[in-house]
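The next block holds one structure in the form of structure tokens; read it before the comments.
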Amino acid sequence: MRLSLYRLSCVVLLLATYAGAPAQTAAPATTPARQPAPTRDPRTPGYVEAKDLPDGQLPPADQDGNFILGPTHQPAPEAVAHEGIPHGDVGEFVLSSADSKIYPGIAREPNTFGTPDQNDPAKLIVTTSHPAPYTRKVTVYVPKQYVAGTVAPFIVGADGPDTLLFTVLDSLIAAHKVPPMIAISISNGSGDAQGSERGLEYDTMSGRYAEFVEQEVLPKVESQFHVKLTRDPEGRATMGGSSGGSCALIMAWYHPELYHRVLTYSGTYVNQQWPSDPKTAHGAWEFHEHLIPQSARKPIRLWMEVGDRDLLNPNVMRDNMHDWVVANENMARVLKAKGYHYQFVFARNAGHTDRTVKQQTLPEALEYLWKEYKY
């Protein structure tokens, strides 16, 4: 049944490309509207067995496993700013590509995307990507509870700034549900998908982005905000949505000596990597296809979510590796088989990186993420 639905969806979405971009031929005068993704049933044969929660209820913050929530998504109390509690200080600084030894900057020409390799449909050829400068903001949240001179845990987030994260942390830290942590919200280097700076940063299966953060971001955070960041991987977390989510896991996977905690919304565990690398020929799809099943369990704790209307995008590649729901379901299956501490939330009535779902679940997700951390 699942395969039939997938094939039907592929027919419906045949002309779609990632993020609505047209193929790399001459741009048409008008681009057809991208068809919405079909609604997937969490009880589809082949999906993981999951506990169906009453509408409005969240999973317990101390339980591993698979959960189904929705269809309504009311903001959690912690997602709204409250008076009478300490509010963290938020500031920012700007990074320039001219100062980066790791990411000097690329961009893909507007209205271009790529073409599949005739010898390998899972490989996209992009000829319109070229060097290009960028600037990006790094937004930093320092809780009022931070004691000057002490070493603090922290969370690194993609596609910043994430003001919802800062608001939620105010409440959770005040209630002693998570440790007083610094939040570092990093904007991407622009663009999206293959051939873009964002795609290069977030979808590349290597330790490069984690090394960029370690070498070019964290020292500036410490010097400009007069804080000390822990070197203990148990006190370091990553988070993100879509390709920012796959990036969050990539950081911990390739550098488990740096990060042990990962939080993802609609993680792009699909075939988006560019340039292609034969060691991970299917990009982040490799996580559930080969890497996790064939590797010893790593000390990573993972919270992840997918929506029932999350992306299903055959695009020009038609490689059967661009269904975000199937990818996240597969992730849950292999994580369980390997004995990871993980919590997987399948959200009914939810799209890709659904804002209402994040407002509902982020406090519980952060509580789960930081369980067993001693502070």
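The values are calculated or read from the model by the stated rules, or taken from the named source; none is laboratory data. Since the model is a prediction, treat every value here as computed from it, not as a measurement. Virtual Cβ from ideal backbone geometry, glycine too; neighbours counted across all protein chains shown. Just the protein is used for accessible areas: all its heavy atoms, side chains included, with ligands, DNA and RNA removed. Shrake-Rupley method; radii C 1.70, N 1.55, O 1.52, S 1.80 Å.
Selection of the range 115-142 for residues being within 30 Å of N320 (Cβ to Cβ) and in a strand (DSSP E or B) yields T115, P116, D117, D120, P121, A122, K123, L124, I125, S129. In the set (1) modelled with pLDDT under 95; (2) within 21 Å of S246 (Cα to Cα); (3) open to solvent by less than 20 Å² (accessible area, probe 1.4 Å), G114 fails one condition alone, (2).
Quick check: is even one residue across the range 143-153 in a loop (DSSP other than H, G, I, E, B), open to solvent by less than 20 Å² (accessible area, probe 1.4 Å) and over 24 Å from M304 (Cβ atoms)?
First, the residues of the range 143-153 that are in a loop (DSSP other than H, G, I, E, B): 143-150, 153.
From the residues that got through so far, the ones that are open to solvent by less than 20 Å² (accessible area, probe 1.4 Å) too are 143, 153.
After this cut, where a residue has to be over 24 Å from M304 (Cβ atoms) as well, the list is 143.
Within the range 143-153, one or more residues are in a loop (DSSP other than H, G, I, E, B), open to solvent by less than 20 Å² (accessible area, probe 1.4 Å) and over 24 Å from M304 (Cβ atoms).
Test K137 against the criterion of being more than 30 Å from R318 (Cβ to Cβ) and either open to solvent by less than 10 Å² (accessible area, probe 1.4 Å) or in contact (Cβ under 8 Å) with a residue 40 or more places away in the chain (or both), and give yes or no.
The answer is yes for K137.
Of note, M304 satisfies the criterion of being under 15 Å from the mean Cα position of the chain (by Cα) and either assigned to a helix (DSSP H, G or I) or crowded, with 21+ Cβ neighbours inside 10 Å (or both). Taking (1) under 19 Å from the mean Cα position of the chain (by Cα); (2) closer than 15 Å to G70 by Cα; (3) open to solvent by 10 Å² or more (accessible area, probe 1.4 Å) in turn, N349 satisfies each apart from (1). When the criteria are applied in full, I125 fails the requirement of being of a type outside the set (G, A, S) and either crowded, with 19+ Cβ neighbours inside 10 Å or in contact with a helix residue (DSSP H, G or I) (Cβ under 9 Å, 6 or more places away or on another chain) (or both).
When each of A332, A327 is tested for being touching a strand residue (DSSP E or B) at 6+ places or on another chain (Cβ under 6 Å) and assigned to a helix (DSSP H, G or I), the lone residue that passes is A332. Consider K371 carefully, then state whether it is under 23 Å from A158 (Cα atoms) and assigned to a loop (DSSP other than H, G, I, E, B). It is true that K371 is under 23 Å from A158 (Cα atoms) and assigned to a loop (DSSP other than H, G, I, E, B).
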